[in-house]
Amino acid sequence: MQTTVAQDAKTAISERARKSTRSSLLAIAVLALVIFAIPVFVGDSPYLMQVAVTTLFFAALAQSLNLVMGFAGVVSFAQAAFYGIGAYTSALIALHFGVGFWGGFVAALLMTFTLAIVLGLPTLRLGGPYLAIATIGLQVIIQSVLLRWTSLTNGPAGINNIVAPTLFGIQIRQGVSYYLMVAVWLLAIIVLLYRISRTRLGYELLATREAEGAALAIGVPVSRLRIAIFALSAALAGGTGSLYAHYIGSIDPYVFDLTLSATVLVMVLLGGRASIIGVTIGAAILTLLPEYLQAVSNYRMVLYGAGMVILTLFFPKGLAGLAILRRSIGRGTRTEPGGGVAGVDA
Amino acid sequence: MQEFLQHVVNGLLTGGGFALAALGLTLIFGVLNIVNFAHGAFYALGAYVALSFMGRTGLGYFLALVVSMVVVGAFASALDPLIFRRLRGKGELPTIIASMGLSLIMVDGIRLLWGAAPQYLESPYVTEVIRLGSIIINGQLALVFVVALLLVGALYLFIEKTWMGLQIRMLAQDEVAAQLMGVNIHRTAAATWAISGALTAAAGVLVLPVFALNPFVGDSAGLTSFAVVIFGGVGSVLGTVLAGFVLAIGQSLAEGYLISGITEIVAFTLMILVLILRPKGLLGKGA
């Protein structure tokens with residue numbers, strides 16, 4: 001009898017998992033459809049296309065932070081710095097070595113990945129708040145280096161005339177074609193995050209985030225995992241930075257500041273940590289809001305700050321925690337006694 | 001040699017300001033286990049409150065120093081019931097994010113209230129010069145050094161000799177045990193915030209007459225304070241003071257002999273080195 005009960009339970013669990021997987025996949029498919037449908041409606045307007053591409057950049061950057069903050073529970077204030085390093089690496093490599101966008105893009109991925117491992121090794125092992133502090137330091141140092149290493153970065157003036165990417169012999173410029181390229185990159189990130197959340201690695205990350213001691217006890221290599229995810233997250237930010245640099249054509253150090261890091265962090269908080277769809281929506285809301293509410297823009301940082309405090313105090317699960325959205329977004333999160341978030345949702 | 005001595009003396013005097021600025025941070029970290037990312041904003045707020053007080057009343061610099069300590073102290077203690085008390089026991093992530101949000105609100109709030117243009121906090125000692133042989137000492141820096149040492153001494157006596165100080169130490173050691181012994185956790189936490197705010201405001205009012213004021217002036221001070229706290233050992237008052245002096249002298253030498261404008265790079269490179277080599281800091285008890 002007992003085996004039957006166990007088998008019943010097992011069937012029920014796998015049935016639930018299959019259902020949740022199906023609904024999450026559906027949600028991602030709908031999201032992909034929406035992203036690819038947007039140029040059909042606003043493709044004629046250069047301004048609207050620019051707003052749309054900006055939204056994609058923010059969404060990709062927010063997802064890169066979501067990986068390390070939502071999945072691994074590590075706060076990083078250096079996301080803008082990795083974004084900047086990706087942008088500069090890509091622009092400079094393309095400029096000095098004549099390898100074009102693709103060479104620069106690969107270089108940006110490798111550079112940010114390696115740098116994150118080097119910086120993560122001493123700090124991530126310590127756990128606690130040290131990494132958060134170190135990432136702020138990193139953010140400041142990197143911006144400082146970009147400003148002062150004038151022989152390489154051209155200082156405050158930045159780098160101009162960054163080449164546009166070429167694909168199958170066609171130059172991709174601003175507008176619909178570039179939008180589609182960034183959209184593919186964003187969806188690649190989303191699928192990667194989704195894949196990670198459904199594998200053993202995802203569950204190990206979850207265990208690391210929720211109960212580090214217990215995770216260690218059952219043999220999860222906590223620090224190695226954290227460093228790997230930190231590096232992967234940095235590389236995703238770096239790749240996004242590369243796409244941004246070759247889109248916008250000129251970059252300067254002031255773009256990649258702590259404010260940008262904080263903005264992206266609020267996007268993840270608003271969307272709900274570890275919620276892939278939620279974070280995409282959060283990024284879209286926070287990109288479009290200041291664009292259309294000019295009155296808001298002067299108070300933007302105060303509002304972002306207030307958003308961080310209020311979301312933390314009252315809505316720790318962000319948009320993904322709202323009951324109305326929960327069904328459409330996917331499987332609901334289990335509530336923790338401490339008010340934290342459990343579960344990784346698509 | 002004379003140039004070298006001048007750099008060391010400058011560093012030593014600035015070190016008083018570094019130590020004072022970092023003490024409030026280490027206190028909150030050590031006692032309440034909160035990493036306050038809004039720390040730099042207290043420093044800036046302190047200077048701006050003094051600026052407004054002197055501008056509105058025409059009263060002197062020292063009175064402004066005291067008023068600023070009281071105002072920022074009261075503000076900081078109000079943050080405990082408003083934000084941080086509610087997040088107690090929910091892990092470190094929420095307090096990191098909330099204090100970072102608070103920092104954005106405060107820094108941008110200062111910009112909205114006082115404007116982004118540089119302003120100057122007047123102190124009668126900035127133009128004073130003391131000569132010790134061939135070494136020149138700025139009067140304001142000398143004042144920073146002296147007042148910082150006085151305040152550090154006062155803090156030490158307060159923590160070691162008073163009933164509230166004892167409660168703070170109990171809370172730092174063991175929250176549950178402290179509660180069982182009748183310590184009012186909420187009041188003690190609010191008092192710790194008040195002390196932290198007042199000390200940091202004092203550091204801002206003392207150091208900033210040497211430079212110009214802008215709303216973001218606290219960012220760099222906050223970052224340096226993090227480096228000092230980690231360097232000295234989290235929660236250790238003596239370690240923090242020592243680290244403040246070592247770091248300031250190191251920076252003064254680096255600025256003098258290497259390149260200028262690399263203050264943060266020096267501070268954070270040192271901090272990351274300390275994290276790798278000796279995570280508990282100079283005098284810390286454990287990571």
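Listed values, structure above:
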quantity: Any hit, the stretch A:84-96, residues being closer than 28 Å to residue B:25 by Cβ, more than 14 Å from chain B (Cβ to nearest Cβ), of a type outside the set (Ser, Thr, Tyr) and assigned to a helix (DSSP H, G or I); calculated: yes
quantity: Residues within the stretch A:264-303 that are over 19 Å from residue A:320 (Cβ atoms) and free of Cβ contacts under 8 Å to residues at least 60 places away in the same chain, tallied; calculated: 13
quantity: Test for residue A:173: is it touching a residue at least 24 places away in the same chain (Cβ under 8 Å), among the basic types (Lys, Arg) and away from chain B (no Cβ under 14 Å); calculated: no
quantity: Which listed residue is within 14 Å of chain A (Cβ to nearest Cβ) and β-branched (Val, Ile, Thr), from B:230, B:195; calculated: B:230
quantity: Among (1) closer than 30 Å to residue B:95 by Cα; (2) β-branched (Val, Ile, Thr); (3) away from chain B (no Cβ under 14 Å) - the single one residue A:142 does not satisfy; calculated: (3)
quantity: Any hit, the stretch A:218-236, residues being β-branched (Val, Ile, Thr) and at pLDDT 90 or above; calculated: yes
quantity: Residue count for the stretch B:199-216, restricted to those that are within 14 Å of chain A (Cβ to nearest Cβ) and surrounded by fewer than 23 Cβ atoms within 10 Å (Cβ to Cβ); calculated: 1
quantity: Every pair of residues 6+ apart whose Cβ atoms lie under 6 Å, when the first sits in the stretch B:71-99 and is closer than 24 Å to residue A:265 by Cβ and free of Cβ contacts under 8 Å to residues at least 12 places away in the same chain while the second is part of a helix (DSSP H, G or I) and hydroxyl-bearing (Ser, Thr, Tyr); calculated: B:87/B:95; B:94/A:312; B:97/A:312
quantity: Check on residue A:52, closer than 30 Å to residue A:149 by Cα, of a type in the set (A, V, I, L, M), out of contact with any Leu (no Cβ under 7 Å at 6 or more places or on another chain) and away from chain B (no Cβ under 14 Å); calculated: no
quantity: Any hit, the stretch A:106-125, residues being modelled with pLDDT of 85 or more and either in contact with a Leu (Cβ under 7 Å, 6 or more places away or on another chain) or over 26 Å from residue B:272 (Cβ atoms) (or both); calculated: yes
quantity: Test: residue in the stretch B:31-54 that is closer than 23 Å to residue B:242 by Cβ, of a type in the set (S, T, N, Q) and in a helix (DSSP H, G or I); calculated: no
quantity: Out of A:56, A:67, sole residue that is at pLDDT 85 or above, closer than 30 Å to residue A:129 by Cβ and buried (at least 24 other Cβ atoms within 10 Å of the Cβ); calculated: A:67
quantity: Some residue of the stretch B:201-224 being at pLDDT 90 or above, under 17 Å from residue B:30 (Cβ atoms) and either within 17 Å of the chain's Cα centre (by Cα) or of a type in the set (Gly, Ala, Ser) (or both); calculated: no
quantity: Considering residues of the stretch A:271-298 that are out of contact with any helix residue (DSSP H, G or I) (no Cβ under 7 Å at 6 or more places or on another chain) and within 14 Å of chain B (Cβ to nearest Cβ) only, the residue surrounded by the fewest Cβ atoms within 10 Å (Cβ to Cβ); calculated: A:295
quantity: Failed item, numbered, when residue B:121 is tested on (1) in contact with a Pro (Cβ under 9 Å, 6 or more places away or on another chain); (2) more than 7 Å from chain A (Cβ to nearest Cβ); (3) assigned to a helix (DSSP H, G or I); calculated: (3)
quantity: Filter result for residue B:111 (within 12 Å of chain A (Cβ to nearest Cβ), under 25 Å from residue B:17 (Cα atoms) and surrounded by fewer than 19 Cβ atoms within 10 Å (Cβ to Cβ)); calculated: yes
quantity: Boolean, residue A:70 is among the small types (Gly, Ala, Ser) and either out of contact with any strand residue (DSSP E or B) (no Cβ under 9 Å at 6 or more places or on another chain) or without any contact (Cβ under 8 Å) to a residue 60 or more places away in the chain (or both); calculated: no
quantity: Which numbered condition residue B:86 fails, given (1) more than 9 Å from chain A (Cβ to nearest Cβ); (2) more than 20 Å from the chain's Cα centre (by Cα); (3) part of a helix (DSSP H, G or I); calculated: (1)
quantity: Residue match in the stretch A:318-332 (condition: out of contact with any Phe, Trp or Tyr (no Cβ under 9 Å at 6 or more places or on another chain) and at pLDDT 85 or above); calculated: no
quantity: Check on residue B:272, within 14 Å of another protein chain (Cβ to nearest Cβ), surrounded by 18 or more Cβ atoms within 10 Å (Cβ to Cβ), more than 20 Å from residue B:173 (Cα to Cα) and modelled with pLDDT under 75; calculated: yes
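To keep it simple, each residue is scored yes or no on (1) out of contact with any Ser or Thr (no Cβ under 9 Å at 6 or more places or on another chain); (2) surrounded by 21 or more Cβ atoms within 10 Å (Cβ to Cβ); (3) within 28 Å of residue A:274 (Cβ to Cβ).
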site: A:130; (1), (2), (3): no, yes, yes
site: A:133; (1), (2), (3): no, yes, yes
site: A:167; (1), (2), (3): no, no, no
site: A:200; (1), (2), (3): yes, no, yes
site: A:225; (1), (2), (3): no, no, yes
site: A:234; (1), (2), (3): no, yes, yes
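Yes/no per residue for (1) under 21 Å from the mean Cα position of the chain (by Cα); (2) more than 10 Å from chain A (Cβ to nearest Cβ); (3) assigned to a loop (DSSP other than H, G, I, E, B):
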position: B:73; (1), (2), (3): yes, yes, no
position: B:81; (1), (2), (3): no, yes, no
position: B:96; (1), (2), (3): yes, no, no
position: B:99; (1), (2), (3): yes, no, no
position: B:106; (1), (2), (3): yes, no, no
position: B:116; (1), (2), (3): no, yes, yes
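The values are calculated or read from the model by the stated rules, or taken from the named source; none is laboratory data. Here the structure is a predicted model, which is why all the values come from computation and not from measurement. Cβ atoms come from the backbone with ideal geometry, glycine included; neighbour counts cover every protein chain shown.
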